[in-house]
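Structure record follows, encoded as structure tokens.
The values are calculated or read from the model by the stated rules, or taken from the named source; none is laboratory data. If you're wondering where the values come from, they're calculated on a predicted model, not measured in any experiment. Neighbour counts are summed over all protein chains in view; Cβ atoms, including those assigned to glycine, are modelled from backbone coordinates with ideal geometry.
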Amino acid sequence: MMPFPPPRLLMLACLCATLSACSSPRLNAGLSLGPDGLSVSPSVSAGLGGGRISYAP
């Protein structure tokens, strides 16, 4: 029997499948400079049914 894929790989596959059904998918990265240094905030957004869906961890 084949073992289940790792959770992150499964989440990435689900995200790719979802974005392929959406219009104009985008991967974004927000940069901010603060007292602790540079931080990067990734996000994913896509159009769906006339609206826009965005996710940022």
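Residue by residue, here is whether (1) surrounded by 11 or more Cβ atoms within 10 Å (Cβ to Cβ); (2) at pLDDT below 85; (3) outside any strand (DSSP E or B) holds:
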residue	(1), (2), (3)
M1	no, yes, yes
L19	yes, yes, yes
A46	yes, yes, no
R52	yes, yes, no
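The residues of the range 25-57 that are charged (D, E, K, R) and over 20 Å from L15 (Cα atoms) amount to a single one, D36. Whenever a residue of the range 36-57 is under 15 Å from S24 (Cβ atoms), its partners that are charged (D, E, K, R), lying with C-beta atoms within less than 8 angstrom and at least six residues away or across chains, give the pairs V44/R26; S45/R26; S45/R52; A46/R26; A46/R52.
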